[in-house]
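Before any comments, here is the structure.
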Amino acid sequence: MHYHIVQKVDVVDMNNEIISEVFFEHGDFTTTPLSIGTTIIMYPLGLKGFEVVYDRRFNNPSKYKVEEIEINLMQEPTVTRVFLEPVKLILGQHDIGEM
């Protein structure tokens, strides 16, 4: 099946105050059927300035659970979006610097 995978990311400061909320687009993938609770292995996320990016510095995988699957039957072709569990990135702690 074809899926569009997204993940909510809260960017917070050191006081845990939300600076921004974004939906990070992991992209389109073709894979076996997914269900809620499935574990997806991806690169961890980090910050480059205020932009959410993959953190590929150490090549360590991160595991995220599928929280919701949304099927839009009003679009042709049908779009299936998969929402992964949200993550919180702390400005100053999750910065990956310039790569």
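Can you tell me which residue is modelled with the lowest pLDDT among those in region 1-34 that are among the aliphatic types (A, V, I, L, M) and not in a strand (DSSP E or B)?
Here the residue is MET1.
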* Asked: Which of the residues spanning region 69-88 are farther than 13 Å from HIS4 by Cβ and surrounded by 11 or more Cβ atoms within 10 Å (Cβ to Cβ)?
  -> GLU85, PRO86, VAL87, LYS88
* Are there any pairs, at least 6 apart or on different chains, whose C-beta atoms fall under 6 Å, with the first in region 1-15 and surrounded by 15 or more Cβ atoms within 10 Å (Cβ to Cβ) and the second of a type in the set (Asp, Glu), and if so, which? -> HIS4/ASP28; VAL6/GLU25; ASP10/GLU21
* Unique residue being at pLDDT 90 or above and acidic (Asp, Glu) when the list is GLU51, GLU76, GLU70 -> GLU70
* To do: Residues that are among the aliphatic types (A, V, I, L, M): find the strands (runs of 3 or more DSSP E) completely inside region 46-90 holding 3 or more of those.
  => 62-72, 79-90
* Given (1) at negative phi; (2) at pLDDT 95 or above, where does GLY37 come up short, assuming only one miss? -> (1)
* Could you check how many residues of region 43-68 are surrounded by 14 or more Cβ atoms within 10 Å (Cβ to Cβ) and in contact (Cβ under 8 Å) with a residue 40 or more places away in the chain? => 8
* Could you check ILE19 against (1) free of Cβ contacts under 8 Å to residues at least 40 places away in the same chain; (2) within 17 Å of LYS8 (Cβ to Cβ); (3) over 13 Å from the mean Cα position of the chain (by Cα) and say which number it fails? => (1)
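The values are calculated or read from the model by the stated rules, or taken from the named source; none is laboratory data. Computed from a predicted model, the values in this text were never measured in an experiment. Cβ atoms come from the backbone with ideal geometry, glycine included; neighbour counts cover every protein chain shown.
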